[in-house]
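Below is one structure, written out as structure tokens; the observations come after it.
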Amino acid sequence: MSGLVHTLVIVALVAVVIVRQFRARAIDTDRRWWLAPVVLAAVACGQSGILDPHHRTGSAALLAVEVLIGLATGAGWAWTSRVWTAPDGVVWAGSTKAGVVVWLVGIALRVGVFALGAACGVHQHSSALLLGLAVTLLVRAGILAWRAQSFGSASSPAPAYGDGVWPAWKERV
């Protein structure tokens with residue numbers, strides 16, 4: 001696949017993932033929530049050219065930064081998601097406005113990493129983006145599965161940073 005087509009496929013994949021993940025979805029802790037991100041990571045690592053042969057150290061450092069950004073984005077996205085139990089006992093999760101901010105910051109950091117690589121003359125393969133996305137999805141799914149397992153049976157939403165669902169306190173008169 002050419003670089004442009006590969007990049008377009010990744011952008012389309014990211015768009016689908018973002019649209020799907022920002023809708024409320026039931027969390028099934030019995031499923032293999034880790035399988036799709038692991039397959040994405042295997043595809044990314046299996047492609048040749050993930051490291052620039054002329055700048056291996058710089059390319060590896062930028063790839064490591066990309067993975068760290070993926071870790072931070074996934075964790076931030078998971079912790080800003082609202083988790084609640086429906087009356088039938090199914091645990092649901094939905095992203096909040098703070099989750100959108102986490103994604104925008106993650107994208108801006110990734111653009112910065114690619115700009116830094118381009119300024120240093122390090123060729124970065126689109127597989128680095130795919131690996132970063134896989135890490136983001138793996139971390140988010142893992143944290144949400146953990147939150148769902150440890151979630152109580154209350155049917156009210158669990159607070160998530162920035163979701164604006166904090167209870168209003170009334171003063172007695």
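The values are calculated or read from the model by the stated rules, or taken from the named source; none is laboratory data. As the structure is a computational prediction, the values presented were derived from the model and not from experiment. Backbone-built Cβ (ideal geometry, glycine too); neighbour counts: all protein chains shown. For accessibility, only protein heavy atoms count, side chains too; no ligands or nucleic acids. Shrake-Rupley method; radii C 1.70, N 1.55, O 1.52, S 1.80 Å.
Values computed for the structure shown
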| item | result |
| --- | --- |
| Verdict on Thr85 being surrounded by 13 or more Cβ atoms within 10 Å (Cβ to Cβ), under 20 Å from the mean Cα position of the chain (by Cα) and in contact (Cβ under 8 Å) with a residue 24 or more places away in the chain | no |
| Test result for Val43, modelled with pLDDT of 90 or more and either more than 22 Å from Val5 (Cβ to Cβ) or not in a strand (DSSP E or B) (or both) | no |
| Yes/no for Val65 being of a type in the set (A, V, I, L, M), free of Cβ contacts under 8 Å to residues at least 60 places away in the same chain, surrounded by fewer than 13 Cβ atoms within 10 Å (Cβ to Cβ) and assigned to a helix (DSSP H, G or I) | no |
| Single residue of region 46-62 satisfying the filter (part of a helix (DSSP H, G or I), within 15 Å of Ser126 (Cα to Cα) and without any contact (Cβ under 8 Å) to a residue 60 or more places away in the chain) that is most open to solvent (accessible area, probe 1.4 Å) | Gly46 |
| Residue match in region 73-80 (condition: open to solvent by less than 20 Å² (accessible area, probe 1.4 Å), assigned to a loop (DSSP other than H, G, I, E, B) and in contact with a Gly (Cβ under 6 Å, 6 or more places away or on another chain)) | yes |
| Selection within region 73-99 - in contact with a helix residue (DSSP H, G or I) (Cβ under 9 Å, 6 or more places away or on another chain) and among the aliphatic types (A, V, I, L, M) | Ala75, Ala78, Val83, Val91, Ala93, Ala98 |
| Filter result for Ala42 (out of contact with any helix residue (DSSP H, G or I) (no Cβ under 8 Å at 6 or more places or on another chain), exposed (fewer than 14 other Cβ atoms within 10 Å of the Cβ) and more than 20 Å from Ala26 (Cα to Cα)) | yes |
| Any chance Arg25 is open to solvent by 50 Å² or more (accessible area, probe 1.4 Å), of a type in the set (Lys, Arg) and over 12 Å from Val122 (Cβ atoms) | yes |
| Failed item, numbered, when Gly70 is tested on (1) open to solvent by less than 20 Å² (accessible area, probe 1.4 Å); (2) at pLDDT 90 or above; (3) out of contact with any helix residue (DSSP H, G or I) (no Cβ under 6 Å at 6 or more places or on another chain) | (3) |
| Qualifying residue in region 25-37 (condition: more than 13 Å from the chain's Cα centre (by Cα) and in a helix (DSSP H, G or I)) | yes |
| Identity of the residue in region 111-135, assigned to a loop (DSSP other than H, G, I, E, B) and either of a type in the set (D, E, K, R) or open to solvent by 20 Å² or more (accessible area, probe 1.4 Å) (or both), that ends up modelled with the lowest pLDDT | His125 |
| Options Ala168, Ala108: the member that is surrounded by fewer than 21 Cβ atoms within 10 Å (Cβ to Cβ) and modelled with pLDDT under 90 | Ala168 |
| Residue within region 20-36 that is of a type outside the set (A, V, I, L, M, F, W, C), more than 22 Å from Ser81 (Cβ to Cβ) and either modelled with pLDDT of 85 or more or out of contact with any Asp or Glu (no Cβ under 7 Å at 6 or more places or on another chain) (or both) present | no |
